[in-house]
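Since the structure comes first, as structure tokens, the remarks are kept for the end.
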Amino acid sequence: DAKTTQPPSMDCAEGRAANLPCNHSTISGNEYVYWYRQIHSQGPQYIIHGLKNNETNEMASLIITEDRKSSTLILPHATLRDTAVYYCIVRPSGSQGNLIFGKGTKLSVKP
Amino acid sequence: GAVVSQHPSWVICKSGTSVKIECRSLDFQATTMFWYRQFPKQSLMLMATSNEGSKATYEQGVEKDKFLINHASLTLSTLTVTSAHPEDSSFYICSARKARQGDGETQYFGPGTRLLVL
């Protein structure tokens, strides 16, 4: 079973920041938080991952709370092409564990 | 970097035939590859995990004799759906794990293969 909880859907206006929350209250100390997204009829696309510290790359920022029980993915300037299902997944580092997908959040970016 | 390809992107076959799907990591070596299946309006379901040179590990409920997985090299894994039936029609997606020491091990996904069994 997925170890994360995400809202089933969210809307965002084009050009605004999209903030996608994720709860992972049972996360273990060696588990990373991964974010992927899946645009319709395509394979999932890796976005970002982190362990404790906030992370930023060219696609997004990941904010992890100090107790690591929740995180937020931030798309700073959402575009129509960011419309997708976003998955938050926790997984141990190393060879343990696999990516188990929950239902994710359907983000709709509207003009 | 970190590109995973799949071939074919879609296939239509008759019931009872076998279908082979290839998954390649194009610019990195992947000691571990994964196969997922996704039915319409559902999330991805992990079918099996394969390590190069060893037998695949199948998830509960996945028939290993029906879904044959071969991971012969660090850049290629194949999934063969044997004696396919209409209920096997689905979107099959492979993934390859890229090792980055000390920073988790990121998985990258292929574009998927849509299988339709008539």
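Read-outs: derived from the displayed coordinates by stated rules, not from any lab. None of these values were measured; they are calculated from a predicted model. All Cβ positions, even for glycine, are placed from backbone atoms using ideal geometry, and neighbour counts span all protein chains on display.
Couple of notes before you dig in:
- Highest mean packing first, where packing is the average number of other Cβ atoms within 10 Å per residue, the peptides A:5-11, A:45-51 line up as A:45-51, A:5-11.
- Neighbouring Cβ atoms from other chains, within 10 Å of the Cβ of residues in B:51-57, number 0 on average.
- In chain B, the sites counted are trypsin sites (Lys or Arg not before Pro) in DSSP loop states with at most 16 other Cβ atoms within 10 Å, and the longest stretch holding none of them, exclusive of the sites, is B:67-99.
- Dipole magnitude of chain A, debye to nearest 20 (Cβ charges: Lys/Arg +1, Asp/Glu -1, about Cα centre): 180
- Dipole check for the protein assembly as shown: with +1 at the C-beta of Lys and Arg, -1 at the C-beta of Asp and Glu, and the Cα centre as origin, the magnitude is about 300 Debye.
- Net charge contributed by nearby residues that have their C-beta within less than 12 Å of A:T83 (K/R +1, D/E -1): +1
- GluC sites (Glu not before Pro) restricted to the range A:1-81 and DSSP loop, no more than 16 other C-beta within 10 Å: A:E14, A:E58, A:E66
- For residues of B:39-45, the mean tally of beta carbons on other chains within 10 Å: 3
- Shown is the FRET efficiency for B:S18 and A:E66, computed with R0 = 41 Å from the Cβ-Cβ distance and rounded to the nearest 0.05: 0.20.
- Net charge of Cβ neighbours under 15 Å - reference B:S89; Lys, Arg +1; Asp, Glu -1: +3
- Peptide B:106-117, shielding by other chains (average Cβ, 10 Å cutoff): 4
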